[in-house]
């Protein structure tokens, strides 16, 4: 059996050391929180005051997942993205509200977001049409060369148009 030979003063010192070691992670957490705030992160109190529609952390997580790791996002961008996403959600909800049904299903959601899908499809279609026009231009130039039209005539005709 081991006899405890520590004095009460030594016991107190060990307890204080244990307390300071336990307090260190909390201090580090506070320092981390302060550093995050300094970098432009939004605190929960600020979120509540601004009445942002979504948790900022979730929005930032999605943004950072789709950006390069070295990029940083300023506070005003985080707020603007959050508000914009809220506006998009409201717009889709208004479109869904146009249906006479009480229960909204996936079909109504898909109809509500159709504007945004059509916009994405519009850009793809625009690129496809522009590529087709370029192909037609090259075909015309090839046909002109085949028919004997000289490049100089083409250039002078273009200058005359200007």
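Note down, for the range 113-162, the three equivalent ellipsoid semi-axes (square root of 5 times each alpha carbon gyration tensor eigenvalue), biggest first, whole angstrom.
On the way: eigenvalues 265, 34, 4 Å².
Each semi-axis is √(5λ); the values are 36, 13, 5 Å.
Report the dimensions of the range 60-124 along its three principal axes from the alpha-carbon atoms, largest first, rounded to Å.
47, 27, 16
Residue separation times 0.36 nm, minus the C-alpha to C-alpha distance between residue 157 and residue 63: what's the value? Don't skip to the end; give the middle numbers.
Working: separation 94, 0.36 × 94 = 33.84 nm, distance 5.09 nm.
Length difference between fully extended and current span is 28.7 nm.
Subtracting the Cα-Cα distance from 0.36 nm times the residue separation, let me have the gained length for residue 41 to residue 140 in nm, one decimal.
This chain segment gains 29.9 nm when fully extended.
Bear in mind that the values in this text are calculations on the coordinates, not laboratory data. In this text the structure is predicted, and so the values were computed from the model without any measurement.
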